[in-house]
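**Q** Just dropping this structure here.
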């Protein structure tokens with residue numbers, strides 16, 4: 001039996017929940033969960049904001065643990081090895097994106113917490129190619145958020161060939177944004193943070209930003225016209241996107257990793273005349289996650305976390321709901 005915490009209805013409290021996972025499949029791995037980050041996506045699924053939750057929901061997709069069991073076909077992972085598990089717990093392995101190594105774009109991928117029981121548990125199972133070995137040098141206690149928040153902001157650097165000489169701005173200095181600042185600074189970019197207070201300005205500079213801009217000052221944003229090669233939005237709220245679009249250089253990109261549910265109201269002429277782009281991206285492929293972990297080791301990048309015990313899971317979720325978390329929350333045992 002696997003002992004977990006589950007929500008039985010939208011916005012419900014998590015309660016103890018035990019389930020029998022059945023026989024371990026040949027290409028599966030069972031992980032002893034040592035810690036697990038809590039992400040806003042967990043809350044979105046608990047609350048059924050996206051309309052695809054399947055109850056009981058066992059959240060948790062920022063898993064750090066050790067291999068407990070391996071299926072008969074598993075060769076490259078060994079019992080006791082440190083591993084991580086992110087948003088995906090499996091892929092179809094038969095579509096064009098999977099064959100190209102873009103497993104994260106697989107239309108038939110298995111989400112770790114939708115129609116599958118996640119990592120708010122003592123154990124979790126997943127397909128072997130979604131389980132990522134953790135290299136030496138990673139701080140295991142804080143590593144969980146790298147497997148969703150971290151890879152979400154690292155993936156665009158790889159996908160869009162961001163140059164060390166690029167000027168990049170980040171909207172939203174929170175769970176995603178603070179990691180974006182760290183990665184972009186280490187990547188070599190000139191980094192600007194859009195901030196909304198003096199306290200956040202200092203925090204952004206400490207996290208790796210070279211400059212800040214007041215996100216409440218429309219005139220200041222207009223004065224930054226044509227400055228950035230890339231603007232990354234990590235927020236899930238509606239903003240004046242045309243204002244931010246104006247800060248892009250010709251051929252610049254406004255890129256979304258924050259899952260705002262509101263339609264984008266963007267004028268076409270600034271795109272056409274400046275040959276600018278608007279795009280979005282999900283988490284990365286297993287190969288890109290492994291690359292991110294190696295990069296994090298080299299540059300000593302770790303999330304800033306608050307730690308709760310699994311027994312205090314509902315208090316941890318309430319803390320995340322409050323918007324006061326600094327900057328990610330990790331459950332630990």
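Read the figures in this text as sums done on the coordinates, not as results from a lab. All values reported here derive from a predicted model rather than from experimental measurement. Cβ: placed from backbone, ideal geometry, glycine included. Neighbour counts: every protein chain shown.
**Q** Would you work out the Kirkwood radius for region 79-231? I mean one over the mean of 1/r across all pairs of different Cα atoms, in Å.
**A** 17.6 Å is the Kirkwood radius here.
**Q** Hey, if you drop one equal point scatterer on each alpha-carbon of region 233-333 and run the Debye formula without solvent, what base-10 log of I(q)/I(0) do you get at q = 0.11, 0.19, 0.21 Å⁻¹?
**A** The computed values of log10 I(q)/I(0) come out as -0.55, -1.07, -1.11.
**Q** Among DSSP beta bridges lying fully in the chain, give the percent that are antiparallel, nearest 5.
**A** 55 percent
**Q** Take 268, 74, 131 and order them by how many other Cβ atoms sit within 10 Å, fewest up front.
**A** Ranked by crowding around the Cβ, least crowded first: 268, 74, 131.
**Q** Would you mind putting 83-96, 8-21 in packing order, based on average other-beta-carbon counts within 10 Å, highest first?
**A** So the order, starting with the most tightly packed, is 83-96, 8-21.
**Q** Also, I was wondering about something else. Quick check: Cα centre of region 91-139 to Cα centre of region 165-197, how many Å?
**A** Centre-to-centre (Cα) distance: 27 Å.
**Q** On a 0 to 90 degree scale, rounded to 10, what angle separates helix 198-207 from the longest Cα axis of the chain?
**A** 70 degrees
**Q** Quick one: helix 286-299 against the long Cα principal axis of the chain, what's the angle to the nearest 10°, folded into 0 to 90?
**A** Value to nearest ten degrees: 70.
**Q** Can you tell me which of 197-207, 50-60 comes out highest on packing, and rank the rest after it, using the mean Cβ neighbours within 10 Å?
**A** Those peptides, ordered most packed to least, come out 50-60, 197-207.
**Q** Measure out, as a whole number of angstrom, how far apart the alpha-carbon centroids of region 233-264 and region 209-230 sit.
**A** 13 Å
**Q** Please give the Cα centre distance for region 279-297 versus region 6-82, rounded to the nearest Å.
**A** About 20 Å separates the Cα centre of region 279-297 from the one of region 6-82.
**Q** Next up: I'd like to know how the chain sits against the 2.2 N^0.38 Å rule of thumb: what's its Cα Rg over that expected value?
**A** Cα Rg divided by the expected 2.2 N^0.38 Å: 0.99.
**Q** May I ask for the angle, rounded to the nearest 10°, between helix 149-159 and the longest principal axis of the chain, with both axes built from Cα atoms and the value confined to 0 to 90°?
**A** The answer is roughly 60 degrees.
**Q** Taking neighbour Cβ counts within 10 Å as the exposure measure, how do 114, 132, 31 sort from fewest upward?
**A** So the residues, fewest neighbours to most, are 114, 132, 31.
**Q** Where does each of 117, 61 land when they are ranked from fewest to most other beta-carbon atoms within 10 angstrom?
**A** Going from least to most buried by this count: 117, 61.
**Q** Run the Debye formula on the Cα coordinates of region 151-280, all scatterers equal and no solvent, and tell me log10 I(q)/I(0) at q = 0.10, 0.14, 0.17, 0.18 1/Å.
**A** Taken in order of the listed q values, log10 I(q)/I(0) reads -0.26, -0.54, -0.82, -0.93.
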